[in-house]
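J.: Dropping the structure in here first, questions after.
The values are calculated or read from the model by the stated rules, or taken from the named source; none is laboratory data. Worth saying up front: this structure is predicted, and the values here are computed from it rather than measured. Neighbour counts are summed over all protein chains in view; Cβ atoms, including those assigned to glycine, are modelled from backbone coordinates with ideal geometry. The area values use the complete protein model at the heavy-atom level, side chains included, leaving out ligands, DNA and RNA. Shrake-Rupley method; radii C 1.70, N 1.55, O 1.52, S 1.80 Å.
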Amino acid sequence: MMTNAMALAGVVVREMYRRKDFYVLLILTVIITLAMGSVNFFNDDKIVRYLKELCLLLIWISTLVMAISMAARQLPMERESRTIFPLLAKPISRGEVILGKFLGCWFACGLALLVFYVFFSVLTGVREHDLPVLSYFQAIWLHWMMLGIVTAMVILGSLIFAAPSSNATISFVVSAGILLLGRHLNKVALQMSEPSSTILYTIYYNIPHLEIFDVRDLIVHNQPPIEWGWWALATPYAAVYIAIFLFAACWIFKRKSLSA
Amino acid sequence: MKRPGLIIFALLVIAFSLITAISPHQLAWAEQSGRGQSLVARFMGDSREMFANQIFAKGDSYMHSGYYPTIFDGKKLHAPKAGESAEDHSAHKHDENGRCLADEGETDFLGKPLDWIDSFSRHFFITKHTHLENGQEREMLPWLKLAAEMDPSQVDIYTVAAFWLRTTVGKPKEAEEFLREGLRNNPNHPELLLELGKVYYENFHDVDRARNVWELAKMRWYKVEGPKEDADTLLLEQIVARLADMEYKAGNYQNALVNYKLLRQLSPVPQVIDEHVRKTQEMIDAQEKK
Amino acid sequence: MQHSPMHDGQRMTASEPILKIDNLRVEFRVAGLKEEVKVAVDGLSLTVNAGEVFGFLGPNGAGKTTTMNVLLGFVPPTSGSAYIFGTDVSQPIARQRIGYLPELTYYYRFLTPEELLRFYGRIFRIPKDQLEKRIDEVIKLVELEHARKRQIKTFSKGMQQRIGLAQAVLNNPDLLIFDEPTSGLDPIGRMKVREIIQRLKNEGKTVFFSSHEMGEVETVCDRVVIINQGKVREEGQVTDLLAKHQMNLEQIFLKLIGYQASV
């Protein structure tokens, strides 16, 4: 099963580094960060946290955009260019196709993340003369896990929504909404009356809490690394949601009639 | 030239003619509606005040190393307020044992975790209240600068930034420049003048300039704040206290006495000021005896 | 344990057909104000024997592509069954020994022909050293040596179809399913595809293909089936049909589908 999925993942990764999207996002991030870094605030060249915050924000936006747009176009593009037919005419199951597409997008995001964080590390290393490797490793890992959940969710979305653009837009709004508000839904639910309160609690307990994986503040404010036990626990938390989304995607895809 | 080329040329001529006709009216309208000022003002309109408040709060959250309440958290930690002085902001200090004084009574805006998700997620964001120190306060300055760009009418932004610049960051020259920028946007504002006087007196040790600035601040207070029903007397109290102490230390006891007497009327604890008045009077008497 | 395709193949006896469709029925629900059911294939049965070139003919909408979709597992049958090498077509392993060339497909734009074939080769579990050799062979077969390292996005329609042929024969399949292999190609392209089918036939491969080109079918096919409205109208050896109807294949085709010339 993994051989087929990995073969397909290889195609997706190749697509990522041969398309211009990644380079455009990387160059934009670098240019904006360097431009902001060159701004003179009170003749003080030791100021660095705002730059870290800005750079991390750009990295988060770029990788989220990349993950969503890449995952959203995978299956629709296979249909549109008709490559799904010669592919499925080979000894590969639909589940393997879903898994391969997911792994490809996720690995591609991982590669992109590495490049982005290398730039971030160089930037902070030069300005702060410090490189908290463990904290950065934790941050990259959690970021990657978060992108895994988003990628799986978008792949499922590509089987539900007709157009990749609507899937991408909805996924982006949902992801950004969870990142910004997910943590606070329980507090809002507390102040609401029934049945709104129960509805909101149901949403709160069922959504993947992407904000858990966002540890930018810890990095910006030079906080010590997260306790390793809790950090490790975030991985199975992400894996559960990835599995839910992928199983749902496989279930729908297996039942989908494909007409050549 | 072929027909499509001629059509494009004709359309360009029409567009050019129209823009030359419309442009003067558009400029006049922009000036009339007050939109001819800055790029930020033009793009953001009145929303810039809201953004400025948010960015100012961002600067404040940096002061607390990212430990900061959101709009969903019931209690406020220390959101910056209009009219709050630079000293109020600098109140986030540590005692001689390095313990954070501000922690007392304002630590737990988070409260107890409401559920397992809340409890789990707290391992992934800042839940400890610490403050920037030893010059690290510089980290909040870009946000203050940006907030001032957004809304130059917010005086607090200038005074807070100037306080840190002239104290822990050690950049009084930059503090003076920033306050002057504030004064250009808010001419003769007494709070800005008070802070500028502090730069002259405490950092440059220039008594004459500090006196001039504080006297102007006092005068402006009476002109601007005095007639108001809810006049900011605390500000006047601070200006007068500064002036009185400076004059006392400079040996200008007559001037000091005038200001201490005024301060006595303003202070909520006049008996403390009485002691200063008595001391100053003694100095004047001693001078006269000589 | 993985189900071995070779094992299935070996289990078949020489007399057993390579492809067998038995009483196949495919219905589609047509979405609209009132949901309707459209019968695309209605009780279709046919068999294809080893080494045959089998023409699958019919007008547009006759049910040819739907039948192929069932054979390839893209569409589940409403009733009836279909087997390839004795294995139910719903099993992915049934496709281990087949090669499929769909109607014009735009292969992965960012890959080169080499990379595309390597990717498909991995799915067929072809050992690495053998795969490289096989890639050389099929690229030579479809005459794309000059473009083997160029990204597919730069390819013309004819080149796309040839890379399609290359992927279809990569695993050295025993059964080839071609859906309108020459559609959209210029006369030279058609000639090349025809030559390749002929070569495959000479190698003893079984070819099952649909086409509108009656001349082409007459030239390369051993046996044909003509379907219309999802039902078989005629089936037999090409030579037998020509002799029986005393007209060429195109005339037979038009007669069977009930076409009346207006001029």
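J.: Quick one: which residues, 5 or more positions from C:Asn228 or on another chain, have an amide H under 5 Å from its amide H? H modelled 1.01 Å from N in the peptide plane, none for Pro or chain starts.
T.: Distant-sequence amide H within range of C:Asn228: C:Arg233.
J.: Which pairs break 27 Å Cα to Cα here: C:Lys157/C:Lys201; C:Lys64/C:Lys128; A:Lys90/C:Lys133? List each step's numbers first, then the result.
T.: Working: C:Lys157/C:Lys201 25 Å; C:Lys64/C:Lys128 36 Å; A:Lys90/C:Lys133 20 Å.
Listed pairs above 27 Å: C:Lys64/C:Lys128.
J.: Sticking with this one: Could you give each residue of the range A:203-215 its phi-based ³J(HN,Hα) in whole Hz, using Karplus coefficients 6.51, -1.76, 1.60 with θ = phi - 60°, and x for Gly or Pro?
T.: 5, 4, 7, 9, 6, x, 7, 5, 5, 4, 7, 9, 10
J.: Take the solvent-accessible surface of the protein heavy atoms, probe 1.4 Å, and return the percent of it on chain C that carbon and sulfur atoms account for.
T.: Working: 6030 of 12310 Å².
Its accessible area is 49 percent carbon and sulfur atoms.
J.: Additional query: I need the shape label for the range B:156-226. Rule: rounded when a/c is under 1.5, else prolate if a/b > b/c, else oblate, with a, b, c from the alpha carbon gyration tensor.
T.: It comes out oblate by the Cα gyration axes.
J.: Treating cross-link reach as a plain straight distance, find the lysines whose alpha-carbon is under 23 Å from the alpha-carbon of A:Lys20, omitting any fewer than eight places away in the same chain.
T.: A:Lys101, C:Lys149, C:Lys153
J.: Same structure, new question: On a 1.4 Å probe surface of the protein chains, which of A:Lys254, A:Lys52 comes out largest in accessible area, and what is the full order? Mind dumping the intermediate values first?
T.: Working: A:Lys254 125, A:Lys52 0 Å².
So, going from the largest accessible area down, we get A:Lys254, A:Lys52.
J.: Turning to a different aspect of this structure: Between the range C:96-154 and the range B:104-157, how many Å separate their Cα centres?
T.: Result: 57 Å between the Cα centres.
J.: Determine ³J(HN,Hα), in whole Hz, for all residues of the range C:250-256 in sequence, where each value follows from phi through the Karplus function 6.51 cos²θ - 1.76 cosθ + 1.60 and θ = phi - 60°; x replaces Gly and Pro.
T.: These are the phi-based 3J(HN,Hα) values: 5, 5, 4, 4, 5, 5, 5 Hz.
J.: Check B:Ser65: other-chain or 5+ apart residues with amide H under 5 Å from its amide H, H built from backbone geometry?
T.: B:Leu132
J.: May I ask you to give the solvent-accessible area per residue for the protein assembly as shown, in square angstrom, as obtained with a 1.4 angstrom probe? If you can, show how the numbers build up before the last one.
T.: Details: 38960 Å² over 813 residues.
For the protein assembly as shown, the solvent-accessible area averages 48 Å² per residue.
J.: ³J(HN,Hα) across the range B:133-139 via Karplus (A = 6.51, B = -1.76, C = 1.60, θ = phi - 60°), whole Hz, x for Gly/Pro?
T.: Computed from phi, the couplings for the range B:133-139 are 7, 6, x, 5, 4, 4, 4 Hz.
J.: A further question follows. Can you sort B:Lys218, C:Lys157, C:Lys192 by 1.4 Å-probe accessible area, starting with the largest? Before the final figure, lay out each step's value.
T.: Values: B:Lys218 30, C:Lys157 105, C:Lys192 60 Å².
From most accessible down to least: C:Lys157, C:Lys192, B:Lys218.
J.: Just to be sure I understand: if you take the accessible area of chain B alone plus chain A alone and subtract the pair, with a 1.4 Å probe, what total do you get in Å², rounded to 100? Don't jump to the answer; show the numbers that get you there.
T.: Details: alone 17730 and 13680 Å², together 28100 Å².
Buried surface at the B/A interface: approximately 3300 Å².
J.: Something else now. Packing-wise, with mean Cβ within 10 Å as the measure, how do B:15-22, A:199-206, A:42-49 rank, highest first?
T.: Working: B:15-22: 9.8, A:199-206: 14.6, A:42-49: 16.8.
Packing order, densest peptide first, comes out as A:42-49, A:199-206, B:15-22.
J.: Report, in degrees rounded to the nearest 10, the 0 to 90 angle that the Cα long axis of helix A:21-37 makes with the longest principal axis of chain A.
T.: Once rounded, the angle reads 10 degrees.
J.: Looking at the square roots a ≥ b ≥ c of the eigenvalues of the Cα gyration tensor of the protein assembly as shown, which shape do they give, rounded for a/c under 1.5, prolate if a/b is larger than b/c, or oblate? Write out the running numbers ahead of the final one.
T.: Values: a/c = 3.37, a/b = 2.70, b/c = 1.25.
It comes out prolate by the Cα gyration axes.
J.: Something else now. Arrange the residues B:Tyr253, C:Tyr120 by how much accessible surface each exposes, largest first, with a 1.4 angstrom probe.
T.: Details: B:Tyr253 35, C:Tyr120 0 Å².
Heavy-atom accessible area, descending, gives B:Tyr253, C:Tyr120.
J.: Moving on. Which of rounded, prolate or oblate describes the range C:158-263 when judged by the alpha-carbon gyration tensor and an a/c cut-off of 1.5?
T.: Working: a/c = 2.11, a/b = 1.65, b/c = 1.28.
Here the range C:158-263 falls in the prolate category.
J.: Tell me the mean residue ellipticity at 222 nm calculated for chain A from its helices only (DSSP H runs of n ≥ 4, each -39500 (n - 2.57), averaged over every residue, nearest 500). Before the final figure, lay out the partial values.
T.: Working: 11 runs with 202 residues, N = 260.
Helix-only estimate at 222 nm: -26500 deg cm²/dmol.
J.: Using a probe radius of 1.4 Å on protein heavy atoms only, what is the accessible area buried between chains A and C, both sides summed, to the nearest 100 Å²?
T.: Details: alone 13680 and 13650 Å², together 24550 Å².
The A and C chains share an interface burying roughly 2800 Å².
J.: Turning to a different aspect of this structure: Pull up all non-local amide H partners of B:Asp206: gap of 5 or more, or a different chain, and H-to-H distance under 5 Å with H placed in the peptide plane.
T.: B:Tyr201
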